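The values are calculated or read from the model by the stated rules, or taken from the named source; none is laboratory data. All figures in this text were calculated on a predicted structure; none of them were measured in a lab. Note that we place each Cβ from the backbone using ideal geometry, even for glycine, and neighbour counts take in every protein chain shown.
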Amino acid sequence: MDGENPMSPKNDPVRLIAVDVDGTLLNSQHQMSKRTERALKEALAQRVAVVLATGKTYYSAREVRQRLRLTTPGIYLQGLLICEADGTVRRERTLAPEIVRRMVEFAEETGHTLVAYSRMRVLAGRRNEHTDKLRDYHEPEPEIIGSLRGLADSTPVNKIILFTEPESIEELRKALKSQVDGTARVVQSLPDVLEILPPGASKGEALRLLLNDLGVDPRHVMAIGNAENDVEMLQVAGIGVAVGNATPPALAAADHVVASNDEDGVAEAVERFVLGKGTR
């Protein structure tokens, strides 16, 4: 949290900004504000790299990429894919087939909607209000393939998401953790969504790998996020920033808290810690 000696560009100049998309860069209407766009473009003009770090697919983030004219690699699917700006896969992690089988069986037995992500593809057994909701986040239209039971044997799966009601999220988390028994991670990305990821996988792990590839010291990185799946990324960066609408885990992991995603929090962070403009 903000303390007496906040980090500033004078101490460790920011060379790279890693920013979450939904709930952070985009507001509640899934739009990037003019002020946020302006601040990020000003940072880019000063040769500060901007890296999208999102649970979204590469294609789902294309509008943001195009508006900002990004040429740097991006972190997608919660860090399971690192893609070049043109979509070429730079690094990838997948779930063990046994975990995929176990999750499919669990979803069928309990009636939870399960969606599997395989690189640029989104796969579902049936269409319903949950799969339709993915459109709000500009995800690709899910391929409805009927039974998912053969998925583990035919398709490499990067991650799985399961839907539930927000008030039942902790009950589902407990059940999923019992199912995976330490062989996969269970993280919350949205109020009604839990994600199953390979063990050790996170945006933070992917950011660390990417920084090593790019030759950027983490001290010169600012990360901005809002959710549990951003925690490791906030901890890796020299400056970890949570937007005002962030969940308790993200707030606890952050060095600084700015305005919410509906109040240009990302713009505030860039203006304060990169452009040296102070608050507005």
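Some notes on this structure:
- Filter result for E171 (out of contact with any strand residue (DSSP E or B) (no Cβ under 6 Å at 6 or more places or on another chain), modelled with pLDDT of 95 or more and closer than 21 Å to L190 by Cβ): yes
- The condition of being surrounded by fewer than 19 Cβ atoms within 10 Å (Cβ to Cβ) and either among the hydrophobic types (A, V, I, L, M, F, W, C) or over 19 Å from S33 (Cα atoms) (or both) holds for only one of V216, V258, that being V216.
- Selection count where residues are within 15 Å of the chain's Cα centre (by Cα) and assigned to a strand (DSSP E or B), scope the stretch 223-256: 6
- Boolean, E139 is acidic (D, E), surrounded by 14 or more Cβ atoms within 10 Å (Cβ to Cβ), more than 27 Å from D20 (Cβ to Cβ) and outside the structural domain of G74 (by TED's automatic domain parsing): no
To keep it simple, each residue is scored yes or no on (1) in the same structural domain as L134 (by TED's automatic domain parsing); (2) of a type in the set (A, V, I, L, M, F, W, C); (3) under 15 Å from L52 (Cα atoms).
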site: V193; (1), (2), (3): yes, yes, no
site: N226; (1), (2), (3): no, no, yes
site: I239; (1), (2), (3): no, yes, no
site: S260; (1), (2), (3): no, no, no
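- Filter pass, V187 being buried (at least 21 other Cβ atoms within 10 Å of the Cβ), part of a strand (DSSP E or B) and not hydroxyl-bearing (S, T, Y): yes
- Selection from the stretch 126-155 of residues that are under 12 Å from R101 (Cα atoms) and not in a helix (DSSP H, G or I): S147, L148, R149, G150, T155
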